[in-house]
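Down below is the structure, laid out as structure tokens.
Each value in this text was obtained by applying a stated rule to the coordinates, not by laboratory testing. This structure is a prediction, so every number in the text was calculated from the model and none was measured. Cβ placement follows ideal geometry from the backbone for every residue including glycine, while neighbour counts extend to all protein chains displayed.
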Amino acid sequence: MPTDTPSTAAPQAGARPVPHASGRRLEGRIAIVTGAGSGIGRATAARLADEGASVVASDRDEAAALQTAEAIGAHALAVQADVTDPDAMARLVAETVARFGGVDVFHNNAGMAQAAKPLADVGRGEWDALIAVNLTAFFVGAQAVAPAMRERGGGSIVVTASTSAVHPRPGLSAYAAAKSGVLGLTRALALELAADRIRVNAINPVAVKTPMLHEFKLAAEDELLDKMAATIPLGSAIDAEDVAAAVAYLASDDARYVTGIALNVDGGRDL
């Protein structure tokens, strides 16, 4: 079954080890993670904290955000926010600055799945919601954090896109369109914000073992992971911690000259 947080139990024989922080590359940095109440967002919040960052865990589900922040400890803050609401995102940034003094890293991760269906069955309301959460929210979030990063002399924006943007699956037209827009906006902002030393990059995950994966309804629940694994050369859907490791890299000075890219974390699916 999908899990939202790393297990503390010893790995089973033959299990792939979960990646751990390689050092405290983000010591003294301040990070905001949206969609931090579960899945990729929760794993990323934990990883950035392990790397030394103070973390603001934001989610529309306040209780879930609190769980993530409490698991991290004193250097974390939970803030409830709707990522599509400019006022809510401005408040999120203001609360981050008030608590920790600035913003250095923004992981725009909150997303919405599309239940697979033919184009003719996608209603306008569903289309609008998928575009709002998966694309417009990135625009809104970048507008909110860029001034705070500029005041700090730069920063790193990392957005969760998807392999659907470059290698779509049938039945996910609206989702693929939104994530394709994310990649275009990533490149545009990387150029526009470069003079401010703000780097902008995207992550393209393949199927990630989180509860959201089942919302795509690409297969029956009991066969979903096997079906996904069959399309991935490395042979498995990935863990949220694998995406978190990629975000930590792009947020760190190890990637100080990396901007405008879409980093595939896809087990080779896009080859």
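What is the magnitude of the charge dipole of segment 30-265 about its Cα centre, with +1 placed on the Cβ of each Lys and Arg, -1 on the Cβ of each Asp and Glu, and no other charges, expressed in debye to the nearest 20?
Using Cβ point charges on Lys, Arg, Asp and Glu, segment 30-265 gives about 600 debye.
If a paramagnetic tag sat 7 Å from the Cα of R91 along the Cα-Cβ line, which residues of segment 21-62 would have the backbone N under 15 Å from that point?
58-62
When the chain is modelled as a GNM with alpha-carbon springs shorter than 10 Å, which of P233, P205, P168 fluctuates the most?
Result: P233 has the largest fluctuation of those listed.
For V265, enumerate residues with amide H under 5 Å from its amide H, sequence gap 5+ or separate chain, H modeled in the peptide plane.
N204, V206
Residue by residue, what Karplus-based ³J(HN,Hα) values in Hz, rounded to whole numbers, does segment 133-143 have, using 6.51, -1.76 and 1.60 with θ = phi - 60° and x for Gly and Pro?
After applying 6.51 cos²θ - 1.76 cosθ + 1.60, I find 6, 8, 10, 4, 4, 5, 4, 5, x, 5, 4 Hz.
Under a plain spin-label model, where a point goes 7 Å from the Cα along Cα-to-Cβ, how far apart in nm are D253 and A129?
Rounded to a tenth, the inter-label distance reads 4.5 nm.
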